[in-house]
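Remarks on the structure that follows.
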């Protein structure tokens, strides 16, 4: 007899997820191929990321994150807010990028994303360089910052983020040999003393309406360069996030999340 698996479709600023809760109900082992099939917007359920919740011995529960291409990744800020909403109470959550703390708030959720890392080995980069202003460039995008916020990000500051053809440049930067684990690509422009405008090419997912870890990494990089002051409003195509960070501390991200619908699928149909 085939097994039907329940799921919840959720989103954070239009960055959408299929969430499978396996904390109390056993399911077969998730694979990259199955995650990719479920994420397909024509023949599957459709999502940017598949989120799998499991029991954890290190925190209240574990969150595993699979991009639309089937690759498992370390962190997802928007998914963390969605999971906070689904869980309905404060929680410590184990991820591949470390343990994070989340809680639902009015209109969405707040997530403590942990401390950013700046060492070139932690990004990681293929060789040593200054991650505050990297001496590299791609077709006019130059001197980016690099930050690891549970997953790797490179951030370019430009006069007008909308003028950059990130759909063309994103794949080349994501797959550049400088980034042995690939990288998320952020292009930001200054919109005020505490306001940034941001577009993101997400590793394994492409252009996205919103990227929570990208907003965190970009805000941190901008604060390090003294371009903005915390807390920072980061405006993405899908809406706004508020990021707070002080050097030496952890990153707090606040913003909306929503449930779209619930359903179930036949596991054998996609396995």
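When residue 123 is evaluated against the numbered criteria (1) outside any strand (DSSP E or B); (2) out of contact with any strand residue (DSSP E or B) (no Cβ under 6 Å at 6 or more places or on another chain); (3) not assigned by TED's automatic domain parsing to the domain that holds residue 200, which criterion, by number, is the only one it fails?
(2)
Could you please find all residues in the range 126-165 being outside any loop (DSSP other than H, G, I, E, B) and surrounded by 18 or more Cβ atoms within 10 Å (Cβ to Cβ)? Don't jump to the end; show me each part of the working.
At the first step, the residues of the range 126-165 found to be outside any loop (DSSP other than H, G, I, E, B) are 137-138, 141-142, 145-148, 152-157, 161-163.
Within the range 126-165, 141, 145, 146, 147, 148, 152, 153, 154, 155, 156, 157, 161 meet the criteria.
Against the condition over 14 Å from residue 204 (Cβ atoms), touching a helix residue (DSSP H, G or I) at 6+ places or on another chain (Cβ under 7 Å) and surrounded by 14 or more Cβ atoms within 10 Å (Cβ to Cβ), how does residue 13 come out, does it pass? Break it down stepwise before answering.
Working: over 14 Å from residue 204 (Cβ atoms): yes; touching a helix residue (DSSP H, G or I) at 6+ places or on another chain (Cβ under 7 Å): yes; surrounded by 14 or more Cβ atoms within 10 Å (Cβ to Cβ): yes.
Criteria met by residue 13.
Okay, residues lined up against (1) farther than 30 Å from residue 34 by Cβ; (2) at pLDDT below 95; (3) touching a helix residue (DSSP H, G or I) at 6+ places or on another chain (Cβ under 7 Å):
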residue: 68; (1), (2), (3): no, yes, yes
residue: 85; (1), (2), (3): no, no, no
residue: 104; (1), (2), (3): no, no, yes
residue: 136; (1), (2), (3): yes, no, no
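Here are the criteria: (1) surrounded by fewer than 17 Cβ atoms within 10 Å (Cβ to Cβ); (2) modelled with pLDDT of 95 or more; (3) under 16 Å from residue 210 (Cβ atoms). Tell me which single one residue 89 does not satisfy.
Against the list (1) surrounded by fewer than 17 Cβ atoms within 10 Å (Cβ to Cβ); (2) modelled with pLDDT of 95 or more; (3) under 16 Å from residue 210 (Cβ atoms), residue 89 comes up short only on (3).
Which residue pairs have Cβ atoms closer than 7 Å, lie 6 or more positions apart in sequence or on different chains, and pair a first residue in the range 134-158 that is closer than 10 Å to residue 184 by Cα with a second residue that is at pLDDT below 95 and in a strand (DSSP E or B)?
Partner pairs satisfying both residue conditions: 151/73.
For the range 53-95, give me each residue that is in a loop (DSSP other than H, G, I, E, B), farther than 20 Å from residue 28 by Cβ and either in contact with a strand residue (DSSP E or B) (Cβ under 8 Å, 6 or more places away or on another chain) or assigned by TED's automatic domain parsing to the domain that holds residue 236 (or both). Break it down stepwise before answering.
At the first step, the residues of the range 53-95 found to be in a loop (DSSP other than H, G, I, E, B) are 55-60, 68-71, 74-76, 88-90.
Retained after the next criterion (residues that are farther than 20 Å from residue 28 by Cβ): 57-60, 68-69, 74-76, 88-90.
58, 59, 60, 68, 74, 75, 76, 88, 89, 90, listed by residue number.
What is the residue count in the range 166-201 for residues that are in a strand (DSSP E or B) and under 20 Å from residue 121 (Cα atoms)? Give the steps one after another, and end with the answer.
So the first thing to find is which residues in the range 166-201 are in a strand (DSSP E or B), and the list is 184-192, 195-201.
Next, only the ones that are under 20 Å from residue 121 (Cα atoms) stay: 184-186.
So the count comes out to 3.
Got a number for residues in the range 22-56 being more than 24 Å from residue 202 (Cα to Cα) and either modelled with pLDDT of 95 or more or crowded, with 16+ Cβ neighbours inside 10 Å (or both)? Steps first, answer last, please.
So in the range 22-56, the residues more than 24 Å from residue 202 (Cα to Cα) come out as 22-29, 54-56.
Then drop every residue that is not either modelled with pLDDT of 95 or more or crowded, with 16+ Cβ neighbours inside 10 Å (or both), which leaves 22-23, 54-56.
The number of residues fulfilling the criteria is 5.
Provide a single number: the residues in the range 207-236 that are assigned to a loop (DSSP other than H, G, I, E, B), touching a strand residue (DSSP E or B) at 6+ places or on another chain (Cβ under 9 Å), at pLDDT 95 or above and more than 17 Å from residue 109 (Cβ to Cβ).
4
The values are calculated or read from the model by the stated rules, or taken from the named source; none is laboratory data. Just so it is clear, the structure is predicted and the values come from calculations on it, not from any experiment. Positions of Cβ are generated from backbone atoms using ideal geometry, with glycine treated the same way; all protein chains shown enter the neighbour counts.
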